[in-house]
1. How far apart, in nm, are two points set 7 Å out from the Cα along the Cα-to-Cβ line at A:A75 and at B:E183?
2. Once phi is turned into θ = phi - 60°, what whole-Hz ³J(HN,Hα) does the Karplus curve with 6.51, -1.76 and 1.60 give for every residue of the stretch B:272-288, x standing for Gly and Pro?
3. How big is the accessible area of A:K319 in square angstrom, nearest 10, if you roll a 1.4 angstrom probe over the protein chains?
4. For a test of understanding, tell me how many lysine pairs in the protein assembly as shown have Cα atoms under 27 Å apart, given they are 8 or more places apart or on different chains.
5. Where the centroid of each part is defined by its Cα atoms, how far is the stretch B:142-181 from the stretch B:262-332 in Å?
6. Under a point spin-label approximation (7 Å from Cα along Cα-to-Cβ), what is the A:D49-B:A88 distance to one decimal in nm?
7. Largest first, please: the extent of the C-alpha atoms of chain A along each principal axis, to the nearest Å.
8. With each label point set 7 Å from Cα along the Cα-Cβ vector, what nm distance links A:D34 and B:A112?
There are 2 protein chains.
Amino acid sequence: MRVAIVGGGQLGRMLVQAGERLGVACVTLDPAADSPAAQVGPAIVAAYDDAAALAQLVDGADVVTYEFENVPVGAVGALDVPVLPPPAALEAVLLTDVGLPVPTFAAVEDVATLAAGVEAVGLPAVLKTRRFGYDGKGQAVLRSAELLEDAWRAVGEVPSILEAFVPFDRELSIVGVRAADGELRCYPLVENHHREGILRVSYAPAPDLTDELQAAAEGHARAVAERLGYVGVFAIELFQFGGTLLGNEMAPRVHNSGHWTIEGAETSQFENHIRAVCGLPLGDVGVRGHVAMVNVIGQEPDAAEILAIPGAHLHSYGKRARPGRKLGHVTLVADDPDSLRQRVVQVARHLTDA
Amino acid sequence: MRVAIVGGGQLGRMLVQAGERLGVACVTLDPAADSPAAQVGPAIVAAYDDAAALAQLVDGADVVTYEFENVPVGAVGALDVPVLPPPAALEAVLLTDVGLPVPTFAAVEDVATLAAGVEAVGLPAVLKTRRFGYDGKGQAVLRSAELLEDAWRAVGEVPSILEAFVPFDRELSIVGVRAADGELRCYPLVENHHREGILRVSYAPAPDLTDELQAAAEGHARAVAERLGYVGVFAIELFQFGGTLLGNEMAPRVHNSGHWTIEGAETSQFENHIRAVCGLPLGDVGVRGHVAMVNVIGQEPDAAEILAIPGAHLHSYGKRARPGRKLGHVTLVADDPDSLRQRVVQVARHLTDA
């Protein structure tokens, strides 16, 4: 099997590595010659919408997949090779369509509709672009009606949604994988901690996770995946508010809050994505103990200090350091929640930008 | 850190993959352009004793290591970069020197000394070359004194050892890793099953493993490693005979009977080797449940059939199929020994040459 991957960041890199092990040859397309994926496998260096490069990418490939949402849907959808997940999943999904409650929101087209939205939704509120954002980009928190124009400029003056700022208890996410035959498997809900819009730490399973909450999240995941005829790995970010889950957003790809699965689950999200898009049987999504994932942001830590922490697994993406940039992650596996939290603190102590 | 690896087979490939994850850049040297390691990372294609290629290999490297024993010791030892494990470990180790009992043996230089050896050792016996062999190569079982010349030709007419054929209960191996500061960590003893001189299945931990047996094996591993000033991963193959361990041979490298550690241990033998030769702290060698490794020999199985087996992890080395050739392996992880054995049987059913 040969898989063409649009995008060569760390997600592409980890997909390539998962494919390699299975004997599935992957090739990536990315504009950067030294992309994380290009360092670990064959890569084509070109713009995502370069027709000749796309043709070269899919030459001999059995399937095309992607590692990020801002794929040129037209160019990729026109290729003569199956694209999985289906390109329809690249259009922003309105989670309400599948019965998943979301915070109150209003559509925003310009400053006037933004003002009307503030009337309807109240403040504080979050202004988000309708196309997928990431790492806090394409989002602006609006706290005062006097700053409408600033917020509008901050999201790039594109069609957006103004969403009520929910006083949630915590942020969760569920990562699922759906096979072509419709089989769905979900990893346990994960608790996520963000700062400056960037994921910092995930705990898996989410502390105090109940069967009811997991079942509710899986029900939403199933509804979204079936509506889209989805094949591959996806993530849904959620807010928990008491016993209620509200949808935040859906990512039609492997997700940062699923990186813990490399060491923490029987089968990683990357291997399961490759399995799904190649039509291979899905792998076991069971968890091994108590797991945390800590992102390495902005600056690489001293590897020796991290690796001296029991149960610590360091992943480096081969990226140049830059403030706010995800350079790697550390997975921690422990037998009990207390040891896990202690180890997370130990790791965090060695991360200067976390 | 940069690591130069002499040899680009599957062991080199898995070392490269372990290095990648840690952000340790590895480059391999192998005469084959499509070596398993060349498919997953930078590689130099040249003979192992090509001085210019060796110079290129170590250019910018912090350390040189190797994935097999038949390294040109002179050429590698003369390099201006530290070599770990120390080249002395490449000379065959006489396990008796460190107090590990071995089967009765006699040195063989020619047919005449072979005949004398048969008198001393008895029959059946095993004739083994003194330099490291692998996968049954460099070995001949001698059952009749009439076949001395055949056996001598079979091992290539090189200095050898004639060893008594021990009626052992089972074959075991212990994989250990030693850091530059002398810290030693050993994985649990593994039970190995060979056929036609090729490892077929390993069980980890070895069934019915006792603390006493593990302690005895670790004592031998420590003695060998300390005698050699060893740094890195090594394996010692052992025969168990009642409560007694007899030494078979030592491999100064990552070992096939340690492949199960990728999914079955907290830290794989490959990552621990990279950590050790780079001077990084050693990783946890704890086991996750009951683990088996089944080699894929001669012909690749249908990936979908293997991956449909619960707990099965498929590893493909990117090698062309050939009878008797190791093409990959399958790791199985289970919660109990019975499920594990059932799964091994399921895997074996899909392997035509196993």
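The values are calculated or read from the model by the stated rules, or taken from the named source; none is laboratory data. Since we're looking at a predicted model, the values are computed, not measured. Cβ coordinates were reconstructed from backbone atoms using ideal geometry, including for glycine residues, and neighbour counts include every protein chain displayed. Keep in mind that these areas ignore ligands, DNA and RNA; they rest on the heavy atoms of the full protein, side chains included. Shrake-Rupley method; radii C 1.70, N 1.55, O 1.52, S 1.80 Å.
1. For the pair A:A75/B:E183, the computed spacing is 4.9 nm.
2. 5, 5, 4, 4, 5, 6, 8, x, 8, x, 5, x, 4, 9, x, 9, 9
3. Roughly 40 Å² of A:K319 is accessible to a 1.4 Å probe.
4. Details: A:K128/A:K137; A:K128/A:K326; A:K137/A:K319; A:K137/A:K326; B:K128/B:K137; B:K128/B:K326; B:K137/B:K319; B:K137/B:K326.
Lysine pairs satisfying the spacing and distance rule in the protein assembly as shown number 8.
5. 26 Å
6. Going from the A:D49 label point to the B:A88 one covers 6.5 nm.
7. 56, 51, 40
8. Once both label points are built, they end up 6.5 nm from each other.
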